[in-house]
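The values are calculated or read from the model by the stated rules, or taken from the named source; none is laboratory data. All values reported here derive from a predicted model rather than from experimental measurement. All Cβ positions, even for glycine, are placed from backbone atoms using ideal geometry, and neighbour counts span all protein chains on display. Quick note on the areas: whole protein, heavy atoms, side chains included, nothing else; ligands and nucleic acids left out. Shrake-Rupley method; radii C 1.70, N 1.55, O 1.52, S 1.80 Å.
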Amino acid sequence: MVKKERRTKIIATIGPASSSISVLIRMVRAGMSMARLNFSHGKHEEHAHLIRTIRAASKKADIPVGILGDLQGPRIRIGELPDHGIELRPRQSVILDVSVKEYEPGGSLPITYALQKDVKAGDRIFIDDGLIEVEVKRVQKTAVHCLVKMGGILTSHKGMNLPDTHVTAVAFTKKDREDLLFGLEHGIDWVALSFVATPESVASVREIAAGYCRDIGRVPPKIIAKIERKEAVDHFHDILEVVDGVMLARGDLGIEVPFEEVPLIQKEFTEICRQAGKPIVIATHMLDSMSEHPRATRAEVSDVANAVIDHADAVMLSAETAMGKYPDIAVQTMASVITEVEASRFDDISFYQIHCIPDIATAFAQVMHTLAEHGQIQAIATSASFGDLAQKINIFRPNVPIIIACESQEQAKQYLLRAGFQPVVLDDEPATFIHRMERLIHDQRIIDKKSRVAYVIETARGDVQLIIRG
């Protein structure tokens, strides 16, 4: 028999509700594979404490957990307002002014970004996740004059989205650089870049990370681009080329593009990522009601299920685990949905989803998919250093564990974001790889000695070999 694990991974955001080691242990045992630190909130000392606590919880639970550092990016926000907020009424005129430091009754609203550089008359500005909408009427030196189209109570620090505007702000800010270096120093496994618009914005981050990690002797983190702007949708293929994975941040994206397009974008981009062998994370509001209630709505359960059916690598919890009342139950709920869906026929890869077989490695991957589907093998074992074999194997999402040999614990934790992978630390010398991998997975009780395992290795000459044992 094989130790059955969910293929689809769970990322949970860590915050005040989940900062204690007891809660984190429950979350790890419930199915959290990766902990997300949101650098939009909190100080470095607080994040350092969280990192130590996450690692302690992982050790106590004896289950590996990776850490993803999510950079804030050029967040465009409302400035400081009275505690009770201010009411904006439809057809009311308002002024957004970057030069205003403190709001005075009846005066201009302070903002954190010089909007006047980018917006023009007729552009829409959405505030507070789209709950408030204003239209630009005219632009002055530091001020943007707007007419309220959809009103509401506006409070401090609410984010703004500009779906009609090309935002010139750089995707990687000074704060992001400071947060990135902090994360690298503390050994984060993945770094998420916010508001990526073009592939060029990724190159400098990768260069900084590689150089700093080389200096401190750490493995550089993998880079994930958050798709949350219309520009990112338009340049998706180019962005995917230069990153290690993507996160579909549906909250901001659903404001930047018509909301009815988001489910179709999710399906299309998830399929593109699977074919490319790069992980995709589906995020935002997946179990949002569980921030307040111990049970998810049926619509939320269906949302998680559809992400699994789409073959996303991971699904993510945000406020549900960072601020919610039931962080561990939210993880448990998500894990239960994943388990049920993965056991169904709806999670299977269909022949129409297999587009082409361009090389021998991909052909081997298709063979293993077929063997797994017909119960002829119970696990697949390979190594992270055998070219892109592992990624090609997972294109077909076989319904058995993919045991991946990694050269270090740091590399192993990076594979925790990829669907189906169970990373282990093992030297990949081809001559003895199968014997040593077989002994390790038996010792760790990942499989028993009666199970058949497909070993996929790359020889010193670069040949791909498939050997089935058991």
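Data table
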read-out: Residue within segment 91-109 that is among the charged types (D, E, K, R), open to solvent by 70 Å² or more (accessible area, probe 1.4 Å) and touching a residue at least 40 places away in the same chain (Cβ under 8 Å) present; value: yes
read-out: Members of segment 140-173 found to be free of Cβ contacts under 8 Å to residues at least 60 places away in the same chain, closer than 19 Å to D97 by Cβ and in a strand (DSSP E or B), listed by number; value: A143, V144, H145, C146, L147
read-out: Close pairs from segment 71-87: first closer than 15 Å to Y113 by Cβ, partner open to solvent by 40 Å² or more (accessible area, probe 1.4 Å) and charged (D, E, K, R), Cβ under 7 Å, at least 6 apart; value: Q72/K175; R77/K158; I78/K158; E80/E102
read-out: Criterion violated by A249 - all others in (1) out of contact with any strand residue (DSSP E or B) (no Cβ under 8 Å at 6 or more places or on another chain); (2) closer than 17 Å to M316 by Cβ satisfied; value: (1)
read-out: Positions within segment 415-467 being in contact (Cβ under 8 Å) with a residue 24 or more places away in the chain, aliphatic (A, V, I, L, M) and either exposed (fewer than 14 other Cβ atoms within 10 Å of the Cβ) or in a helix (DSSP H, G or I) (or both), in sequence order; value: L416, L417, I434, M437, I441, A460, I467
read-out: Condition check for I349: modelled with pLDDT under 85, open to solvent by less than 30 Å² (accessible area, probe 1.4 Å) and either within 30 Å of R298 (Cβ to Cβ) or in a helix (DSSP H, G or I) (or both); value: yes
read-out: Of residues in segment 396-414 being surrounded by fewer than 22 Cβ atoms within 10 Å (Cβ to Cβ) and part of a helix (DSSP H, G or I), the one farthest from the chain's Cα centre (by Cα); value: Q409
read-out: Answer residue from segment 156-173, given it is open to solvent by 20 Å² or more (accessible area, probe 1.4 Å) and among the polar types (S, T, N, Q) and is modelled with the lowest pLDDT among those; value: T168
read-out: Which listed residue, of S58, S33, S20, S40, is in contact (Cβ under 8 Å) with a residue 12 or more places away in the chain, of a type in the set (S, T, N, Q) and open to solvent by 40 Å² or more (accessible area, probe 1.4 Å); value: S20
read-out: Boolean, V134 is touching a residue at least 12 places away in the same chain (Cβ under 8 Å), open to solvent by less than 10 Å² (accessible area, probe 1.4 Å) and in a strand (DSSP E or B); value: yes
read-out: Elements of type strands (runs of 3 or more DSSP E) in segment 1-120, at least 3 residues being closer than 28 Å to G245 by Cβ; value: 9-13, 32-38, 66-70
read-out: Odd one out for M316 among (1) within 15 Å of the chain's Cα centre (by Cα); (2) under 20 Å from K392 (Cα atoms); (3) modelled with pLDDT of 95 or more; (4) not in a loop (DSSP other than H, G, I, E, B); value: (2)
read-out: Set D128, D189, D164, D176: member being touching a helix residue (DSSP H, G or I) at 6+ places or on another chain (Cβ under 7 Å), acidic (D, E) and closer than 28 Å to I280 by Cβ; value: D189
read-out: Pairs, first of a type in the set (S, T, N, Q) in segment 256-282, second surrounded by fewer than 18 Cβ atoms within 10 Å (Cβ to Cβ), C-beta under 7 Å, six or more apart; value: Q275/H355
